[in-house]
Amino acid sequence: MTVNLVDRQRLLERFVRYARVETTADARSETYPSSSGQLVLGKLLAQELLEIGCKNARQDENGLVWASIPSNSSQRSPTILFNAHVDTSPDASGKGVRPRVVEYQGGPIPLECDGQTITTEHCPALADLVGKTLIVTDGRTLLGSDDKAGVAAIVELAQILIDNPAIVHGDVEILFTCDEEVGAGTQKIDMKQIQARVAYTLDGGGIGEIDEETFSADLATIRFNGQNIHPSIGKGRMVNALRAAGMFLEKLPREHLSPESTEGRQGFLHPYDLRGGVGEAELSILLRDFDTEKLSEYKGLLDEIATDVQLEMQGIHIEVETQAQYRNMAEGLRKLPQAVDLAVQAYRKIGIEPRRTIVRGGTDGSQLTAMGLPTPNLSVGQHNIHSVLEFACLDHMVIAVQHLVELVQLWNQVDVNELELGS
C-alpha cells in the first residue's frame, strides 16, 4: 500500500462547487457548447488549474479546457492524458443543484423533495457503502457526478503532482470536454494539440472498474410529415403525424432489442424523445450494440417500419436519418495493451483488485480511441447517474485519485521507444 496524498475535504469541496454550476447539455441547441453553463464551469476550471500551478491552463474558443503538467523525470516516457466532461445529462434537471453530504449508516436515504428515497432497490451497491461519505441531491435534480466527479478527481491529481515533486512522472495532459452527453464530446478537439500516446477518461461508476469495451452508437431521427387542417373539416384531409409516430412506436420491438429486455452484450433500439404536432413530428431513437455492423441492421429495421406505416397511413411521409455518435473502443485498445494492463497494476498497488468490464454506454474515450488515442474508462464513484436519485461516493473518488497517482508513476517506467516498437 502506498501513502495516500489525497486531501478528502479539498476533493469534496471541489466536487460540490462544480456540481452547483448548471451545465445540462441540450441536443437541440445549435451552439457549441450547447449550454452556456459549460463555458462558466470551464472558465472556473481553467482559473483553478492556473492557480495550482498549471502555467498553460486555458479555455479555448470552443469551451474546451486544456492544461499540462511537465515531466519531472529523467526517463523518456510516453505522455498521458486524463479526460472528463463538464456537461451533465438532459435526462434530469441540472438547474439549482443542491448537493448534500451524508455519512451513510445504512438503510434508505430520504431526499428533501418530492418524497424521493434512495434504496438498495434503486442501487444494489448501496448495501456495500455503509460507513462511507456520500453526496446526494435534494430529489429535484440530478447531482452531476457524471462527470463532475471525474473533473474533481483530475484537478485533485494535478494539485498532488504539482505539490509533491517526489512523485516522478512523465508529461501529463488534461482535457475537459463539453457536450459528451449528447454525443459531441470530441467534436471540437484538435488532435494536433495532443501529444499523449495514451489517455484515460474518468467517467465510470463504482470502484475499481476498467471499462475496456463500449457500445457502438448511432442516433436515429425519424421525421413524420403529415397534413394539418382544422379538425372540424378533417375527414379525408387530415394526415396526423403524431398518430403515425404512435404507429411507428408500436411496431418497434419490445420483447427484444429494447433497454427493458436486454442486458450484457445485447444491443437495443431506445426511443427517448417525441415532439411535434399534427403536421410534423420528430422521434429520436438511440441505436446501440457492441457489434458495430449491427447498427446498419437496426437502421434497416427502422426503414422497414417506416415503409409499413406509410402503406397503412396514406399521405404520411416518413424520413429516417442516422448519425454516428461513437464506436466500440475494444479494437483500438488491443493495439496498446499497456493502456489496460498498467491500469490493472495501478489498482493492485493501492490494494484494489480491479474488474475489466464492458459498459452499456459510451464515453469520450470511445471516440478518442477511434481517433487513434487508446482511452479506457476508469471508475470515479458515480451511482444512479442521469437521475434525481444520483449520488457520488467520496471514498471511491479518493481511491480514483490514488489510482491516478500510481498510474502516472507506472507509465514513467515505460520507455517511449519500446512503446513505439509495440504499437
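Express the C-alpha Rg of region 72-155 as a ratio against the empirical globular expectation 2.2 N^0.38 Å, rounded to two decimals.
Cα Rg divided by the expected 2.2 N^0.38 Å: 1.44.
So which GluC sites (Glu not before Pro) in region 1-54 pass both tests, a DSSP loop state and at most 10 other Cβ atoms within 10 Å of the Cβ?
Working: sites: E13, E22, E30, E48, E51; in loops: E22, E30.
Answer by residue number: E30.
Would you kindly state how much longer the chain becomes between H386 and N417 on full extension, computed as 0.36 nm times their sequence separation minus their alpha carbon distance, in nm to one decimal?
6.9 nm is the gain from fully extending H386 to N417.
What percentage of the solvent-accessible surface of region 140-244, computed with a 1.4 Å probe over protein heavy atoms, is contributed by carbon and sulfur atoms?
Within region 140-244, the accessible surface is 45 percent carbon and sulfur.
As a test of understanding, state the convex hull volume per residue of region 339-391 from its alpha carbons, in Å³.
96 Å³
Helix 294-312 sits at what angle to the longest principal axis of the chain, using alpha carbons and giving 0 to 90 degrees rounded to 10?
That works out to roughly 20 degrees.
Run the paramagnetic zone check for R58: 7 angstrom along Cα to Cβ, then residues of region 188-203 with backbone nitrogen under 16 Å.
Zone members listed by number: 189-195.
Which parts of region 386-406 would a label at N72 reach, counting a residue when its backbone N lies under 14 Å from a point 7 Å out along Cα-to-Cβ?
Once the point is set 7 Å along Cα→Cβ of N72, 405-406 turn out to lie under 14 Å by backbone N, inside region 386-406.
By the scheme Lys and Arg +1, Asp and Glu -1, what is the net charge of all other residues having a beta-carbon under 11 Å from that of I80?
-1
Can you give the extra length, in nm with one decimal, that the chain gains between D291 and T31 once fully stretched, where that is 0.36 nm per residue apart less the Cα-Cα distance?
The span from D291 to T31 would gain 90.4 nm if fully extended.
Does region 98-141 classify as rounded, prolate or oblate by the C-alpha gyration tensor (a ≥ b ≥ c root eigenvalues; a/c under 1.5 gives rounded; else a/b over b/c gives prolate, otherwise oblate)?
Note, shape of region 98-141 comes out oblate.
What whole-number value in Å² describes the accessible area per residue of the chain for a 1.4 Å probe?
44 Å²
In debye, nearest 20: dipole of the chain around its Cα centre with unit charges on the Cβ of K, R (+) and D, E (-)?
Taking the Cα centre of the chain as origin, the dipole is about 520 debye.
Roughly how many nanometres apart are two label points built 7 Å out from the Cα toward the Cβ at Q105 and E321?
5.7 nm
Scan around T117 for amide H atoms under 5 Å from its own, H built in the peptide plane at 1.01 Å from N, and keep only partners 5 or more places away or cross-chain.
Correct list: L111.
So which GluC sites (Glu not before Pro) in region 92-131 pass both tests, a DSSP loop state and at most 11 other Cβ atoms within 10 Å of the Cβ?
E121
Assuming R0 = 45 Å, can you tell me the calculated FRET efficiency for the pair D163 and N225, based on Cβ-Cβ distance, to the nearest 0.05?
With R0 = 45 Å, the Cβ-Cβ based efficiency is 0.15.
Ignoring solvent entirely, what values of log10 I(q)/I(0) come out of the Debye formula for the chain at 0.07, 0.08 Å⁻¹ when each Cα is a single scatterer?
-0.36, -0.47
In Å, what Rg and Dmax follow from the Cα atoms of region 162-270?
Over region 162-270's Cα set, Rg and Dmax evaluate to 23.9, 81 Å.
Given that compact globular proteins tend to follow 2.2 N^0.38 Å, what is the ratio of the alpha-carbon Rg of region 110-217 to that value?
Relative to the rule-of-thumb radius for its length, region 110-217 sits at 1.35.
Using alpha carbons only, how many degrees (0 to 90, rounded to 10) separate the axis of helix 394-411 from the longest principal axis of the chain?
60 degrees
Against the longest alpha carbon principal axis of the chain, how many degrees, from 0 to 90 and to the nearest 10, is the axis of helix 241-251 turned?
The helix 241-251 is inclined about 70 degrees to the chain.
Can you work out the PRE-style zone for E304? Point 7 Å along Cα to Cβ, and I want the residues of region 247-278 with backbone N under 16 Å.
Zone members listed by number: 248-258, 268-269.
As an exercise, identify the GluC sites (Glu not before Pro) in region 278-344 lying in DSSP coil whose Cβ has no more than 11 other Cβ atoms within 10 Å.
Within region 278-344, the qualifying GluC sites (Glu not before Pro) (loop, at most 11 other Cβ atoms within 10 Å) are E293.
Points 7 angstrom from Cα along the Cβ direction at M371 and M191: gap in nanometres?
Reported label-point gap for M371 and M191 is 0.8 nm.
What whole-number value in cubic angstrom gives the convex hull volume per residue for the C-alpha atoms of region 232-365?
On the way: hull volume 17.9 nm³, N = 134.
In region 232-365, the Cα hull volume divided by residue count equals 133 Å³.
Given R₀ = 45 Å, FRET efficiency for K235-T117 by Cβ-Cβ distance, to 0.05?
Working: r = 51 Å, r/R0 = 1.13.
Efficiency computed from Cβ-Cβ geometry: 0.35.
For the chain, what is the calculated [θ] at 222 nm in deg cm²/dmol (nearest 500), taking -39500 (n - 2.57) for each run of four or more DSSP H residues and dividing by its residue count?
Computed mean residue ellipticity for the chain: -9500 deg cm²/dmol.
In the structure shown, do any of K55/K192; K55/K349; K251/K299; K251/K294; K43/K148 have a Cα-Cα gap over 23 Å, and if so which?
As for pairs spanning more than 23 Å Cα to Cα, those are K55/K349.
The values are calculated or read from the model by the stated rules, or taken from the named source; none is laboratory data. None of the values given here were measured: they were computed from a predicted structure. Cβ atoms come from the backbone with ideal geometry, glycine included; neighbour counts cover every protein chain shown. Side chains are part of the model used for accessible areas, which takes the heavy atoms of the whole protein and leaves out ligands, DNA and RNA. Shrake-Rupley method; radii C 1.70, N 1.55, O 1.52, S 1.80 Å.
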